[in-house]
Each structure stands twice: as structure tokens, then as C-alpha cells.
1. Going residue by residue through the range 326-344, is there one that turns out to be among the acidic types (Asp, Glu), out of contact with any Leu (no Cβ under 8 Å at 6 or more places or on another chain), farther than 30 Å from residue 601 by Cα and not in a loop (DSSP other than H, G, I, E, B)?
2. Can you say whether residue 229 is modelled with pLDDT under 95, surrounded by fewer than 14 Cβ atoms within 10 Å (Cβ to Cβ) and part of a helix (DSSP H, G or I), as far as the supplied structure shows?
3. Which members of the range 608-636 meet the condition of being assigned to a helix (DSSP H, G or I) and either open to solvent by less than 30 Å² (accessible area, probe 1.4 Å) or at pLDDT below 95 (or both)?
4. Can you tell me which residue among 326, 331 is farther than 23 Å from residue 642 by Cα and touching a strand residue (DSSP E or B) at 6+ places or on another chain (Cβ under 8 Å)?
5. Scan the range 59-66 and give yes if some residue there is open to solvent by less than 40 Å² (accessible area, probe 1.4 Å) and closer than 16 Å to residue 20 by Cα, otherwise no.
6. Across the range 193-223, what is the number of residues that are modelled with pLDDT of 90 or more, open to solvent by less than 10 Å² (accessible area, probe 1.4 Å) and not polar (S, T, N, Q)?
7. What tally of residues in the range 542-575 results from selecting those that are open to solvent by 30 Å² or more (accessible area, probe 1.4 Å), closer than 19 Å to residue 624 by Cα and not small (Gly, Ala, Ser)?
8. Could you go through the range 492-502 and let me know if any residue there is open to solvent by 40 Å² or more (accessible area, probe 1.4 Å), of a type outside the set (A, V, I, L, M) and in contact with a Pro (Cβ under 9 Å, 6 or more places away or on another chain).
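The values are calculated or read from the model by the stated rules, or taken from the named source; none is laboratory data. These numbers come from a predicted model, not from an experiment. Neighbour counts run over all protein chains shown; Cβ positions are idealised from the backbone, glycine included. With ligands, DNA and RNA removed, areas are computed over all heavy atoms of the protein, side chains included. Shrake-Rupley method; radii C 1.70, N 1.55, O 1.52, S 1.80 Å.
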Amino acid sequence: MLNRLPRTAFLKRTVQSRFGIILLLITLLVAISMLTRLVFFIYSFSNVEVTLLNLAGILLFGLFYDLVNASYFIIPFVLYVWLVPQRVYSKAWHRPVLYTLFSIATFILLFNAVAEWFFWDEFNTRYNFIAVDYLVYTTEVLGNIRESYPIEWIIAGLIILCGGITYSMRTLLNQTNTVPMQFKQRSMVAIPLLALPLLFFFTVNSKYHRFSLNTYTNELAGNGMYELFAAYINNELNYEQFYKKINNEESFAEVKNLLHTPETRYISNAPFDIARQVQHTGPEKKLNVVMISVESLSADFMAAFGNKQNITPFLDSLSQHSLFFTHLYATGTRTVRGLEALSLCVPPTPGQSIVRRPRNEHLFTLGKVFGEKGYDSKFIYGGYGYFDNMGYYFSNNEYDVIDRDALKDEEIDYENIWGVADENLFTLAEREIEKTIASGKPVFTHIMTTSNHRPFTYPDGRIDIPSHTSREGAVKYTDYAIGKFIKSCATKKWFSNTIFVIVADHCASSAGKTELPINKYHIPLLIYSPANIQPQHMDRLMSQIDLGPTLLGLLNFSYTSKFYGYDIFSLEPGRERVFISTYQSLGFVRNNKLVVLLPQQKLETYQLNLTDDSMLPTAEDKALTQEAIAWYQSASYAFREGLMR
């Protein structure tokens, strides 16, 4: 009887049974995962804090998460070897079936390792929320991969490598079915194997491998496949469930106190109502407004911030003739987070951007304010609006959406999977602007560029850096396209009545040695209107969500506001603050301190030096923590309860 066999004999019998292939798959998964981890470690060595404790953590936590991932990965194979009858399993024709299944599993593991490498190279992190988003938009993502990498050669190489691994392991594979097992015996192995992932689902999450203050160390200790799964199930995070919180009435009372500025007056005493009247004296300036949100334009691409590569010659020149904001910080690391900040002017809420969430219609947006002032509000994008839910979001929030469909093929010089070349986008935008102005109405246009995005391709002959070679080339091409657009606009009659706003959606890279490296959120902002705005530098700390109220202030608009942003010119000195975030880490910066709110009610506080972007852990500042919680908790509550409408 099986239960009388010595333990070692039972183990040997199991290995030599059909379950031996499961053991081979687990071994292969761990080996490939460890090799991937080693490659990432070598590639990012300069950013990893190398200590014995960290090395031990990387190996031990890494092995643990590899095994947890293996428990999920083997589920279909366990079911197969458990349920296929012995009379079928022992047939000679079944041997090729096992070889095929093993080869498919091997290919998946190898393909994942290569995909992880490209993701790490781009984002310096394991799979995360971004990867989950990418799974939704397979057309754009697969197109981007095909345009960026020699994918056919990569797949061919993986198939050859997969075949080689399967062939080299043929002896072991042949030995895995030398001992037959009846259904009852198979059940004694299969049921525990299937129970393990269920146990891990309820007891294991991503927090265990975040043992170090060094972000690269923590990422190395994870497992990519598991992180993808974890990011998927944490698609949205309820603030009150996962983060440090205070009473909701208290959070709104705190925020109402923080939001009040000299030009505002609350119109209600209701505890959860932040609506306030913004009142300016003098006539309103009904100027056209053209806002360009530039894909991935980090501040450090510009010479004004120390860059020596001369890749933004037009913007560097324009900054001398603009209202130039030198300490502006993006709220997040994705385009949809930047669009949220620029249109809604609210702090980032944990999980998905509001742009991609359900029930995001009829919100209080910048487009709504302009609409109430008699403007046509437009969102113009060179790709297809369904991507990232942008078309639905803007069309349901007081904007007309104009995308790739508005261009005829003969109007396009170049396009890649993300959209048309930026100069073709600006040609479309100029046409739409003139259409509205010809109707006798002012226009507010939000234009979103795409060329500064991998695969970094653009029309030949425009700049001195060849297409498809580098991020720097894409930056320089976008700079060229913006320059061409503004120079063309300068020949129009409506130019003297127009304000141009140039701002980034986020930085080119968000990776750093810490969870929220503030220098990876630093973006430029230029407001240019030579007939209406005097050139100057604005050096005060400013959040991306402050752009909307500041712009409306420059136009001298009086309006009812539900924005969380400040008009920086009306804000008393010393009250500046910044919000920076990932999908789950919420950062709040004020008075050279950074408070980070994390799931599981965790809290971290750092002392910042914005001159050299250094940050050191420090003791909690109770008052600052209270402020951070109030901002984030009230914003999350307001969206969930429909108070942003």
C-alpha cells in the first residue's frame, strides 16, 4: 500500500510517475527566473545597494516568489496529469503530447523572460500596473513591440532554444512515466498541489519582498509573472481600505482650510462640499488657449535644466520669451495620470487613473469651465481615441474629441502604432483651431503628442538624429514639430489673442533608487503669449494640478471651482505642495519633506534636498501626515461618491 511506503520511496515513486514532469517544470521555472534576476542585477548593478543582507533578501525572497509563481503556473499541467486515465497516459502516441506540452510551457517561460527584459529596460521595474494596462490594448502594444524590436527573429531564436532545452531533457522526460499511478494515488499528489495556489492567494502578496529602502533591490527580489498577477487583482485600490485614514468629515475640513485662498469663497457649509467661488476683479480675457501636453518630456531634456545635448533648441529659446515654471512636478508616471491632472486638477487617487475608471462622466473639468465661458473645448490626439479610454473620457466631460480618424491618408507624412507624426498632429490642430475661430467663438484646445514614445520614429530629414535610434532623437523631433507649429500660428490673425501652454504629461523615466524619486517627476511648463504675458521665471514649487487654476487666473476668470489645485499667483508663499505617485504609492511634498502613504496603512517620511534630489528617512511629522492623508483621502472619497461631478 502507498501509505506504508517509506517517505523517500514515495518521493522517488512520485518523481518517476507522471508527476515528474511537474517537478521538471518547477525546476525550469526557478532556473529561468533566477537567471533573469541575475541579468537584471548585473544590468542595474550601479543602482542596487549591495550588502550581504540585501543579497540574501534578493535570493531568498526571489526563490520564495518563484515557487509561489510556480504553484500558479503548473495548475493546468497538474490537472492534465491528474485527470488523464492511465490507459491513455501509457500509450506510445501520448509521449509526443507530453513533449509538446513541456515545449509550450518552456516557450512561455522563455518568452516571458525576454518580455521582462524589455519591460525592465524601459521602466527599471518588474511587471506592474503599466503591464496590466498594456494587456488591454494589444493592438498598440504589440504594434509598438514590432516597431521597436526584431520580434520575428526573437521568436525564432526562442523556438530554437525551446527545442534545444526539450531535446536535452528528453531522458528525464522519458523517466517521468516509468511508474504507473492509479487515480487515488494521483489524487494524493494533485490535490495538495492544487491547494497550494489557493493558500498562497489568501496569504501572500507583493509586500513581502519590499524589505529594503532601495527600490531596485526590492524589484530584484520579486517575480515578474507573480507581479503581473498581483497588479491585475489590485487594479483599483480603495483608499479607506488600504491606507492610513482619518474621519472623512475631518479630512474635508482640513482640505477646505488648505484650499482657501484670498480670491475664493466657499458657497456652502456642507461638510463634503469644496465648491467655492473664485472671484477676480476687472474684465475677463477671452483669449484662445492652446495646451500642448508633450509625451514624456522630462525637465532634464532642456538646456535650461542643465542638458548639454541641444535636443530642445526651440523650447530652450521659447523659455526666454515665456512665463517659465522651473519647479513643476507631474502627479504620476503615465499619460492618463497626466491627463487626469491637467483636466480635473485633482490629486492622484490610488489604482487606475480616473480617465480609465467607470463612472467618470460629467466631472468638473477644465473643459467645463471653458465651456461655461463660451469656448469650444477640444481634445486632439494623433492616435485613436479608444486607447486608454481617452476618447470616452474627454467626450463625456465637455470636450470634442478629434483623433487619427480626422486625417486622410494623404495628409500623413509618417505614423507608427501610437499615432501620426507630431507635425501632422499639429496641422490637424491648427485646422481645428481655425474652424472654431471662424465660427466666432474662442477655443480651448488640448493637444497630446505621441512621437516622443518608443519606438522613437519620425519622418526623415527633419532633424540631425536618424529616426528609430534614441529617445533623444524623438525629443528633438517633437521640439522641431512644436516649433514649426507655433511659427505657423504666428502668421495667423488670431495669434495675438492666443495663449500657448506647453507642459509634459510625465517624465521619460520613473525609475530611481527610491520608491518615489522626486527628480523623476520634474517637468517643464511654458506659457507663451507675447502680446499678453510678460516673460519671467516662476521658481515656486508647483504641482501639475495647479496648472488649470493658474491658467484661469491669468485669464482673470471668475468661476465656481471644485478643483484641488491652486492659482500659484494667488497662493500665499509657504503654502506650496506637490503630489507625486505610482499606482499605489502616494507622495506628498511640502517644506522639503516627503510623506509617502502606502497600502497596509504604511507611512514613510523623508527629508528632501531639491537641489541635488537627495532624500533621507526622517521622523514622522504629524501635521504633515495629517495634511497628506486629508488631500488623498478626500479626493478618493469625492470621486467614489460622485462629488467631482
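1. Initially, the range 326-344 is screened for residues among the acidic types (Asp, Glu), giving 340.
Then drop every residue that is not out of contact with any Leu (no Cβ under 8 Å at 6 or more places or on another chain), which leaves 340.
Then drop every residue that is not farther than 30 Å from residue 601 by Cα, which leaves none.
No, the range 326-344 contains no residue that is among the acidic types (Asp, Glu), out of contact with any Leu (no Cβ under 8 Å at 6 or more places or on another chain), farther than 30 Å from residue 601 by Cα and not in a loop (DSSP other than H, G, I, E, B).
2. Considered against the rule, which asks whether it is modelled with pLDDT under 95, surrounded by fewer than 14 Cβ atoms within 10 Å (Cβ to Cβ) and part of a helix (DSSP H, G or I), residue 229 comes out as no.
3. The answer is 624, 625, 627, 628, 629, 630, 631, 632, 633, 634, 635, 636.
4. Numbers: 331 fails: farther than 23 Å from residue 642 by Cα.
Sole residue among the options that is farther than 23 Å from residue 642 by Cα and touching a strand residue (DSSP E or B) at 6+ places or on another chain (Cβ under 8 Å): 326.
5. No - not one qualifying residue is present in the range 59-66.
6. 4
7. Residues that pass the stated criteria total 3.
8. yes
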